[in-house]
1. Within the stretch 363-378, track down each residue that is out of contact with any helix residue (DSSP H, G or I) (no Cβ under 9 Å at 6 or more places or on another chain) and over 17 Å from Gly45 (Cα atoms).
2. Taking the stated definitions as given, is Arg141 under 18 Å from Thr308 (Cα atoms), at pLDDT below 95, within 16 Å of the ligand (Cβ to nearest atom) and among the basic types (Lys, Arg)?
3. What's the total number of residues in the stretch 285-312 that are at pLDDT 95 or above, in a loop (DSSP other than H, G, I, E, B) and surrounded by fewer than 23 Cβ atoms within 10 Å (Cβ to Cβ)?
4. Cβ contacts < 8 Å: first residue among the small types (Gly, Ala, Ser), restricted to the stretch 79-92; second residue within 12 Å of the ligand (Cβ to nearest atom), any location; separation 6+ or different chain. Result?
5. Is the stretch 160-178 home to any residue that is in contact with an Asp or Glu (Cβ under 6 Å, 6 or more places away or on another chain), within 30 Å of Val253 (Cβ to Cβ), within 16 Å of the ligand (Cβ to nearest atom) and among the aliphatic types (A, V, I, L, M)?
6. Give Asp124, Asp103 a once-over and let me know the one that is in contact (Cβ under 8 Å) with a residue 12 or more places away in the chain, in a helix (DSSP H, G or I) and away from the ligand (no atom under 16 Å from the Cβ).
7. Give me a count of the residues in the stretch 187-205 that are within 24 Å of the chain's Cα centre (by Cα) and either within 16 Å of the ligand (Cβ to nearest atom) or of a type in the set (Asp, Glu) (or both).
8. Under 19 Å from Phe81 (Cα atoms) and polar (S, T, N, Q): is that true of Gln157 in this structure?
Amino acid sequence: MKRAIAFGLAALLWSLGSVWNLVAQDLVITNTRIIVGNGNVINQGSIVIRGGKLAAVSAGGANVPGVQTIDAHGMTAMPGFIDAHRHVNTGPNEKEQMQQLLDAGYTTILSGGGPAEGNLTLKDHIEKGMIKGPRIIPSGRVDLANNTPEKARAEVQRLAGLGIKFIGEMALTPKPGPTAKEIENLKAIVDESKKAGIWVQIHAVSPQAMMAAVDAGVPKLVHTPHFGWLSFEDAKRVAAAGIKQLSTIGFGVPVFGVFANDNKPRFRDGQPWPDSILDGEGRGREAGYKAVNARTSWDAGVIYGYGTDTGYLPKAGLEHELKTLNLMFSMQDIIKLMGPNTASYIEMSDQLGTLETGKLADIVIVNGNSLDGYWNLLNTKLVIKGGVIVPDQR
Ligand SMILES: [Zn+2]
């Protein structure tokens with residue numbers, strides 16, 4: 001009898017706990033188009049969020065009494081945007097910058113580079129709720145050119161000790177190609193990173209630098225080359241090695257009307273175009289190389305994800321990258337590369353990249369149908385990160 005009472009009490013407490021969770025954190029989105037991200041589209045469906053995760057994603061309605069319900073008629077829900085290489089760090093403008101990223105639809109950011117300590121501080125500020133911001137994956141930097149293999153190995157271990165999982169900002173000399181010293185250090189870094197369980201990413205902007213990185217065993221490439229044509233054979237070698245690559249496709253393409261309304265082409269930092277493009281052949285050829293090489297990589301089977309390698313304005317930067325991607329990729333391709341491919345690049349496929357049951361509730365809800373054109377991805381109405389509405393722009 002005593003046992004039965006104890007059991008009944010435990011069950012009551014457990015159910016009260018569940019009710020409390022339901023009220024505190026849960027959310028239902030109904031009447032919406034759902035782009036799952038795995039190729040499936042639900043034309044009219046519902047998403048149930050419980051405890052920050054996707055509890056159900058299905059066609060038709062959802063009857064969950066007592067839970068905040070959002071009618072998203074005429075809108076599309078899709079996986080939260082991930083930029084797998086963006087330059088962020090802590091600093092006096094972090095609050096404003098992080099909110100701008102959320103407003104544009106970014107729910108996860110892999111920081112593009114060091115200093116690692118600043119990235120960790122930024123992550124900490126967001127996780128403690130001091131500021132709102134996307135999920136930050138911190139990274140660090142190891143010097144390639146002015147280093148020794150021993151010091152580089154020690155630096156990898158130091159970063160791993162800080163909790164860093166990605167080494168970000170390392171660049172190989174594009175032409176005539178990487179120096180012997182860069183390659184020697186890179187091989188030591190790749191070897192040490194495997195022991196430490198962290199990932200190495202390389203900026204290789206010419207095909208020869210990229211293939212040198214491949215030969216050195218690098219698992220991730222921040223750029224598609226913009227300094228020469230990528231052959232289909234080389235792209236197939238990248239794919240066969242399981243190396244993942246980011247877009248950074250808007251790099252060579254000018255922006256208009258962002259920094260001044262004077263119809264002058266500018267680089268995305270506001271400096272004159274094409275003069276301020278680094279490592280290229282001039283006259284903006286980089287814009288062509290990037291786009292064509294991107295399609296070559298994709299067709300060869302490379303896991304090609306989304307990254308911008310910039311600190312450029314989040315919304316203008318999103319538009320710029322999407323516009324350029326759209327030259328070579330359909331909206332279906334763009335959704336795959338932004339969602340599952342980018343989640344794969346940041347090694348979070350089990351939690352992000354698609355709207356499937358059990359994953360984190362990171363959702364962007366835009367007006368209209370995302371499949372109609374990239375411009376609809378700029379029409380953000382609601383952004384949800386881990387089940388929490390971060391901006392409501394309805
Ligand atoms: Zn970078």
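The values are calculated or read from the model by the stated rules, or taken from the named source; none is laboratory data. Remember, it's a predicted structure, so these values are computed and weren't measured experimentally. Because the Cβ atoms are built from the backbone with ideal geometry, glycine has one as well, and the counts that use them run over all protein chains shown.
1. Hits for the stretch 363-378: nothing passes.
2. yes
3. 1
4. Ala84/Leu110; Ala84/Leu246; Ala84/Gly307
5. yes
6. Asp103
7. Of the residues in the stretch 187-205, 7 are within 24 Å of the chain's Cα centre (by Cα) and either within 16 Å of the ligand (Cβ to nearest atom) or of a type in the set (Asp, Glu) (or both).
8. no
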